[in-house]
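The values are calculated or read from the model by the stated rules, or taken from the named source; none is laboratory data. Please read all numbers here as calculations on a predicted model, not as lab measurements. Note that each Cβ is placed from the backbone with ideal geometry, even for glycine, and that neighbours are counted across all protein chains shown. Only protein heavy atoms, including side chains, enter the accessible area calculation; ligands, DNA and RNA are left aside. Shrake-Rupley method; radii C 1.70, N 1.55, O 1.52, S 1.80 Å.
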Amino acid sequence: MGENQKNDRRRGMAQADARREARRAARETVMSLLFETEYHEGEAPEAIYLRAIEAREIDTSDRYIRKTYRGIMEHLAEVDALIERHASGWRTDRLSRVSRAVLRLGTYELVFDDKIPAPIAINEAVELSKKFDDPKARAFINGVLNAIKNEIAENGGRLPDEVSAMAAATEPATDAVEAVTAESETTTDHDAE
């Protein structure tokens, strides 16, 4: 391998590492938004998002952050129903707030974000758990997300009918984080890493 090829390979690896780190930071931001939402029941998610933008200088051009947070809030009934189906007797309201936020993010990525491969979604959720949650939560989160992944795969990539029916009977949690952030013209969308 020539020197130019080695340099190109190093540059490519550095760029991939930078994309992975940017996506990991974006996931942490979404998890923190979900965690914060727990403390502001009844408050519109878009208001929480706006406050977080101001307080923490969240990058409003990062499309992943707003799309994922908005998506989770819109599909919260389905996400929570899937978590409860696979949480071995635990209701989502009995989980720690950190575990709940991590599971919601991982479940959303598994079910509603087709750009993210299942192993990456699960691994990243476990990494978030390692960083922010009780050490005992890692295996639980891994098990729940693997069970959700398997059920979705067995169902041809679709939500089980019972989960879809349950979600249809529930109002979406938000209409418009997108409306709040629509003014952002420039967007960043990280690779599925």
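So for the stretch 106-121 (the condition being more than 22 Å from Tyr49 (Cβ to Cβ), part of a helix (DSSP H, G or I) and modelled with pLDDT under 90), does at least one residue qualify?
No, every residue in the stretch 106-121 fails to be more than 22 Å from Tyr49 (Cβ to Cβ), part of a helix (DSSP H, G or I) and modelled with pLDDT under 90.
Any residue at all in the stretch 68-77 that's farther than 15 Å from Met31 by Cα, among the acidic types (Asp, Glu) and out of contact with any Ser or Thr (no Cβ under 8 Å at 6 or more places or on another chain)?
No, that holds for no residue.
In this structure, does Ala121 turn out to be within 18 Å of the chain's Cα centre (by Cα), buried (at least 22 other Cβ atoms within 10 Å of the Cβ) and in contact (Cβ under 8 Å) with a residue 60 or more places away in the chain?
no
Residues in the stretch 58-72: is at least one without any contact (Cβ under 8 Å) to a residue 60 or more places away in the chain and among the small types (Gly, Ala, Ser)?
Looking through the stretch 58-72, at least one residue is without any contact (Cβ under 8 Å) to a residue 60 or more places away in the chain and among the small types (Gly, Ala, Ser).
Can you tell me which of Thr68, Thr92, Thr37 is surrounded by fewer than 22 Cβ atoms within 10 Å (Cβ to Cβ) and either out of contact with any helix residue (DSSP H, G or I) (no Cβ under 8 Å at 6 or more places or on another chain) or polar (S, T, N, Q) (or both)?
Thr92 is the lone residue from the list that is surrounded by fewer than 22 Cβ atoms within 10 Å (Cβ to Cβ) and either out of contact with any helix residue (DSSP H, G or I) (no Cβ under 8 Å at 6 or more places or on another chain) or polar (S, T, N, Q) (or both).
When the residues of the stretch 127-151 are narrowed to those that are modelled with pLDDT of 95 or more and open to solvent by less than 20 Å² (accessible area, probe 1.4 Å), which ends up nearest to Tyr64 (Cα to Cα)?
In this case the residue turns out to be Leu128.
Give the stretch 154-176 a look and list any residue that's open to solvent by less than 40 Å² (accessible area, probe 1.4 Å) and at pLDDT 80 or above, or say none.
Leu159, Pro160, Val163
Which residues, counting only those in the stretch 124-140, are within 15 Å of the chain's Cα centre (by Cα) and of a type outside the set (A, V, I, L, M, F, W, C)?
Correct list: Glu124, Glu127, Ser129.
When you go through Arg24, Arg100 one by one, which is the residue that is within 18 Å of the chain's Cα centre (by Cα), closer than 19 Å to Phe132 by Cα, of a type in the set (D, E, K, R) and at pLDDT below 95?
Only one candidate passes the filter, namely Arg24.
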